[in-house]
């Protein structure tokens, strides 16, 4: 059983598990299945808004797709969530990524 099959099995067993959804999004992205990756990342933001790591990766995927406004919005949402939950490391990463994008470096 490959990694994707394992993750899908975990998802069937507990479809609300945030870590499994995140891992599925990452695995689909790695395989070039961007629509599936986007689906799981967007679902995570909707259903588990405090899962801070999602914002950084979703914004990166939006950037890759040329959806700059969505990327900026997602970074900003992530910054607010990271502040609220006290995740200093993620806050710094999100702020750095947003600044780089706004300065045209990303």
| request: Counting residues in segment 3-102 as N, plug N into 2.2 N^0.38 Å and put the Cα Rg over that result. | output: 1.05
| Once fully extended, how much extra length lies between residue 12 and residue 67, figured as 0.36 nm per residue of separation less the alpha-carbon to alpha-carbon distance? | 16.7 nm
| note | segment 3-102: relative contact order from alpha carbon pairs under 8 Å, six or more residues apart, as a whole percent, is 18
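No lab work stands behind these numbers, since they all come straight from the coordinates. Every value quoted in this text rests on a predicted model; they were computed, and no experiment measured them.
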